[in-house]
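All remarks here apply to the structure that follows.
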């Protein structure tokens, strides 16, 4: 980022924070964090409500899986078209507008009698705006915290995502015993609106960004440069595909055991919370780099047990252990940030997030499609085996897990 226009007190040049409390004393980070938390809570409630609604109306594993993660399909559209808005010179205004668009989409799901085709269309619209919002949010994050605490900040946000998802799935399951899915959508819309208000009240416009005209041409130019770099391509592959296939496993929980699906999802989120806490807070950057491969294997291997129809406590333990493997995203995201020039950090992180979310949707669709022909347990195990195979193959053909982390790429 240009330093000639940066003010001396800009957070990115301040003394590094040493813990989560120090990070939260940064007003802008606290605002991003709170807005993100509320957004995750709303997304969890609305996704679970829609999945339950579709499962009740259709009984289709495929449609149920897609309904829970369908918004992720449209994130790739944001990555390919307008993701350059994440690095525009008015990021606060951009984020507020995108949060407002998400609010409208969630509120529309609460309208009674909406046909399923319209609901799926709303999912695609929400996914598009959410992908752009994620890029804008992550671009701001890289500016409001020092680079040395970026992994710590992402760790806190991931931990909160896991914890919020635990509560969201548990609360969602409880609410659906007493409320209709439409009423749960109303609660999700209220949370989305509250997140919008927090962002608007706490985030300031950045004065250090150069004037850039976002659009399709700039988005494509940056994306071309991103994918022309071999190490970045391998990083993106490992951030997207293994995770997406495991989300496909999670998307089959309702079909596998409807009465225990909320508990399984909560167990996975609890494991994610613990993994991100341990990896982000307790390990150094070098240690995170060294354990990334083992974490990617841990993410998938426990799901092979589903092929044997184990008891519910064993399933919950396996899902919990697997959830810790999602912490592999932290060292991989650190490496990607180190290989990304400052002026396009928002777009590159937006593309990474959009691709990861898109692969979650692809994984859910693959899982639902396989479960059309195989029992849900066997389908879950098959996706886990493929996830392990991708991790092993990508390691064999690259230096992704070499001893030395990558140096910053200024190109």
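Read-outs: derived from the displayed coordinates by stated rules, not from any lab. In this text the structure is predicted, and so the values were computed from the model without any measurement. Here the Cβ positions follow ideal geometry from the backbone for every residue, glycine too, while neighbour counts run over all protein chains shown.
Note the full-extension length gain between residue 205 and residue 104 as 0.36 nm times their separation in residues minus their Cα-Cα distance, in nm to one decimal.
Full extension from residue 205 to residue 104 adds 34.0 nm.
Note down the nm distance, to one decimal, between modelled labels 7 Å out along Cα→Cβ at residue 374 and at residue 174.
3.7 nm
As an exercise, use a Förster radius of 35 Å and the Cβ-Cβ distance of residue 93 and residue 116 to find the FRET efficiency, rounded to the nearest 0.05.
Taking R0 as 35 Å, the efficiency between residue 93 and residue 116 is 0.50.
With a cut-off of 14 Å, note down the residues of the range 168-192 whose backbone N falls inside the zone around a label point 7 Å from the Cα of residue 57 toward its beta carbon.
Correct set: 181-183, 185.
Relative contact order (percent) for the range 18-396, with alpha-carbon contacts under 8 angstrom and 6 or more residues of separation?
Contact order relative to length: 30 percent.
How big is Rg to Rh over the range 18-396, alpha-carbon atoms, Rh as the Kirkwood inverse-mean-distance radius?
Computed over Cα atoms, the ratio is 0.94.
Apply 1/(1 + (r/R0)^6) to the Cβ-Cβ distance of residue 147 and residue 297, taking R0 = 22 Å, and write down the FRET efficiency to the nearest 0.05.
Given R0 = 22 Å and the Cβ-Cβ separation, E is 0.15.
Hull surface divided by four, with the convex hull built on the Cα atoms of the range 83-207: how many nm²?
Directional mean of the projected Cα hull area for the range 83-207 stands at 8.5 nm².
Would you compute the Debye intensity of the range 139-182 from its alpha-carbon atoms alone, equal scatterers and no solvent, and pass along log10 I(q)/I(0) at q = 0.33, 0.34 Å⁻¹ to two decimals?
The calculated log intensity ratios at q = 0.33, 0.34 Å⁻¹ are -1.04, -1.06.
Mind ranking 263-273, 149-159 by how tightly packed they are, going by the mean number of other C-beta atoms within 10 angstrom, highest first?
263-273, 149-159
Restricting to Cα pairs below 8 Å that are 6+ residues apart, what does the relative contact order work out to for the range 281-329? Please round to a whole percent.
Answer for the range 281-329 is 50 percent.
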